[in-house]
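Just below is one structure, and these are the notes that go with it.
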There are 2 protein chains.
Amino acid sequence: MATWLEQEIRSQPDLIGAVLDHELTHIGQIVRDLPSFQYVMVAARGSSDHAAIYAKYAWPALGGYPIALAAPSLHTLYHAPPRMAGALVVGISQSGQSPDIVAVLEEGRRQGRPTIAITNDPASPLAAAADHVVGLHVGREQSVAATKTYTAQLAVMAAFAAQWSSTPARLEELRRLPETMAATLRGTDALAQRAERYRYMDGCVIIGRGYNLSTALELSLKLKELTYIMATAYSSADFRHGPIATIDQGAPVLLIAPSGDAFADVLDLAHDVRSRGAELLVISDAPAALALATTPLPLAAAVPEWLSPLITILPGQMLALRLTLAKGLDPDVPRGLHKVTKTF
Amino acid sequence: MATWLEQEIRSQPDLIGAVLDHELTHIGQIVRDLPSFQYVMVAARGSSDHAAIYAKYAWPALGGYPIALAAPSLHTLYHAPPRMAGALVVGISQSGQSPDIVAVLEEGRRQGRPTIAITNDPASPLAAAADHVVGLHVGREQSVAATKTYTAQLAVMAAFAAQWSSTPARLEELRRLPETMAATLRGTDALAQRAERYRYMDGCVIIGRGYNLSTALELSLKLKELTYIMATAYSSADFRHGPIATIDQGAPVLLIAPSGDAFADVLDLAHDVRSRGAELLVISDAPAALALATTPLPLAAAVPEWLSPLITILPGQMLALRLTLAKGLDPDVPRGLHKVTKTF
């Protein structure tokens, strides 16, 4: 019997199809109904924050709207919420329970701004605070580590971007995604064996850029939650501004390098850290990047870069699962964590 | 002869006084001259980005303006800059050279938005792209690792917040700061001996919240640049959403815990990670927090929390310096880094 985590990882292609069936038209309606706004303020924590960071690229690139990530402590600790004139206020939370995220949406409503909740629980406090509620429709997530709720949040953020773009081709690209997700998961079977190599790794660096900064951050969180490895994520640009000094002989570096406009920059960094002695793990569809890796983690096919975070995370999730098992740990219940984290 | 890094760390109290003498009135004039705007878009990388993260709390809390941190790759890689209607556009860069940061300001100007450059080089491309230029006035920074330019950037961000607050008491608090900075540096002499304990530490976690998330991020970068330790920074809230699982017996955790509204939350986390076996290093003025530490790093006095990042970073910088020397490394020239990093 597979663990909950493995079942939930494998369920994602079907579930993303279901999310789109349920919400794509609804999101189109929300986009048409929204009053005018100039920028978007997004409140989220943990994996949901990584979905927000994906939107920080997808929403401006396809819809033109800049994103400000909220500082919830302004609301809960400092009692000094900002003026939100011009903002669309969005909260993302699997549980819809975290009081600090709810506080940002409630303040948006108090200031008369439009509000949207993206949550797996339409009966949650977050949903109650919002004008519009977008559900994730993935059923209950049994594993403490988020997988299917994360990709469902990405799909919702991608659906908003596609609707704002008013370009039918973007909607078509989105609808074709579950097929590539399924094929990519089928390509991860060799990881059960391959993960053995990293059994005693105690830290690693994970690098993405642009759209896939979200993937680097989310994979780093999965490895920390599940394997207790000190995995640290960076954009390739920020990595060059100092942290690259930590790389020496044998340092494990995992690169998120799908085809697209950020590819050349990440490939350039791959050569640089290799010359400093790093051992590379590479998630990519591009042979030129995979060829540099001690451990290649291939994607089944290229997808448009703006959607690539929905497939690049999959070999990463599976690597985290396999490494958890190789270390003799329980993938479903990481030590000292609970499914719902309430922060103030 | 002390290293450049040590000289630059010790020069900060005097230099911050000089920055305020040069720029406080000028910043008041800029604030009065700016056209109306609804939010602020800030572009920065590395240490400058940590000054931006400080402003993400100080500018809304004292001035009411929300901050959106720019995604420079939208400009340089994706050629899809966002619509900036409603934005004040600010670039922060010690050198003023990084093309991706310059690109954000140039786009702001192209869209007719007000622009401000904060830089140590008023002849730089960043300065040329801005309506208003605020200098750092700290002279050339010889060490690759930023110290005096970082605190000068913090002082500039604090000066904007104080001017927006229109509260003379805030300006007075700012002017009194150099004295507490000097006293705090005098209290770090014991660190030369104390740093020995961490000679073979290969990673650590650094935690701050609210205003001092900036300090956690900046100190983490200093340790990575100078000592090649895998130091990872979190807000105490985000740390509870997963990464806390990595803490076990003996794990070193450095807490930034000055008095103020975020103190109770960080203290609560201190008790939690201690119960998981962590060894604490604590930067604080509060005896209740220092008493939990294996290595207390005391601040000379409490300052208003909104200014505390200008003093909490000082024992951290000195710890990074002492640990670099304990490891036999050169504090002035970290391996594989250059003073000016140009990213696209």
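Among the residues of region B:286-337, how many are closer than 30 Å to residue B:77 by Cβ and surrounded by fewer than 19 Cβ atoms within 10 Å (Cβ to Cβ)? Walk me through how you get there before you give the answer.
At the first step, the residues of region B:286-337 found to be closer than 30 Å to residue B:77 by Cβ are B:334-337.
Those left that are additionally surrounded by fewer than 19 Cβ atoms within 10 Å (Cβ to Cβ): B:335-337.
The qualifying residues number 3.
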Run down A:285, A:261 and say which single residue is at pLDDT 95 or above, assigned by TED's automatic domain parsing to the domain that holds residue A:224, touching a Phe, Trp or Tyr at 6+ places or on another chain (Cβ under 7 Å) and not aliphatic (A, V, I, L, M). A:261
Condition test on residue B:61, is it facing chain A (nearest Cβ under 8 Å) and either at pLDDT below 95 or assigned to a loop (DSSP other than H, G, I, E, B) (or both)? no
Test: residue A:340 is in contact (Cβ under 8 Å) with a residue 40 or more places away in the chain, within 14 Å of another protein chain (Cβ to nearest Cβ) and either of a type outside the set (A, V, I, L, M) or surrounded by fewer than 17 Cβ atoms within 10 Å (Cβ to Cβ) (or both): yes
Taking the criterion of being over 22 Å from residue B:49 (Cβ atoms) and basic (Lys, Arg), would at least one residue in region B:314-329 satisfy it? yes
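How many residues are under 24 Å from residue A:146 (Cα atoms) and facing chain B (nearest Cβ under 8 Å) if we restrict to region A:30-46? Can you show your working first?
Let us first name the residues in region A:30-46 that are under 24 Å from residue A:146 (Cα atoms), namely A:41-46.
Then keep just the ones that are facing chain B (nearest Cβ under 8 Å); that gives A:41, A:45-46.
Selection size over region A:30-46: 3.
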Selected residue [under 21 Å from residue A:306 (Cα atoms), touching a strand residue (DSSP E or B) at 6+ places or on another chain (Cβ under 6 Å), small (Gly, Ala, Ser) and surrounded by 24 or more Cβ atoms within 10 Å (Cβ to Cβ)] from B:87, B:70, B:43, B:52: B:70
Scanning region A:191-205 residue by residue, those assigned to a helix (DSSP H, G or I) and either within 24 Å of the chain's Cα centre (by Cα) or surrounded by 15 or more Cβ atoms within 10 Å (Cβ to Cβ) (or both) turn out to be A:191, A:192, A:194, A:195, A:197, A:198
Long-range neighbours under 6 Å by Cβ, at least six apart or interchain, first residue assigned to a strand (DSSP E or B) within region B:235-256, second of a type in the set (Asp, Glu): B:252/B:279
Being surrounded by fewer than 24 Cβ atoms within 10 Å (Cβ to Cβ), aliphatic (A, V, I, L, M) and within 23 Å of the chain's Cα centre (by Cα) is the filter here; which residues of region B:236-252 pass it? none
Which residue out of B:170, B:240 is touching a Ser or Thr at 6+ places or on another chain (Cβ under 6 Å) and within 14 Å of chain A (Cβ to nearest Cβ)? B:240
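Conditions tested, residue by residue: (1) under 20 Å from residue B:312 (Cβ atoms); (2) not in a helix (DSSP H, G or I).
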{"residue": "B:118", "(1), (2)": "no, yes"}
{"residue": "B:130", "(1), (2)": "no, yes"}
{"residue": "B:134", "(1), (2)": "no, yes"}
{"residue": "B:142", "(1), (2)": "no, yes"}
{"residue": "B:146", "(1), (2)": "yes, yes"}
{"residue": "B:149", "(1), (2)": "yes, no"}
{"residue": "B:164", "(1), (2)": "no, no"}
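Within 14 Å of chain A (Cβ to nearest Cβ) and assigned to a loop (DSSP other than H, G, I, E, B) - does that describe any residue in region B:277-299? Steps first, please.
Taking region B:277-299 first, the residues within 14 Å of chain A (Cβ to nearest Cβ) are B:277-278.
Narrowing the set further to residues that are assigned to a loop (DSSP other than H, G, I, E, B) leaves B:277-278.
Yes, region B:277-299 contains a residue that is within 14 Å of chain A (Cβ to nearest Cβ) and assigned to a loop (DSSP other than H, G, I, E, B).
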In region A:80-94, anything out of contact with any Leu (no Cβ under 8 Å at 6 or more places or on another chain) and at the interface with another protein chain (Cβ under 8 Å from one of its Cβ atoms) is listed as A:83, A:84, A:85, A:86, A:87
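The values are calculated or read from the model by the stated rules, or taken from the named source; none is laboratory data. Every value quoted in this text rests on a predicted model; they were computed, and no experiment measured them. Backbone-built Cβ (ideal geometry, glycine too); neighbour counts: all protein chains shown.
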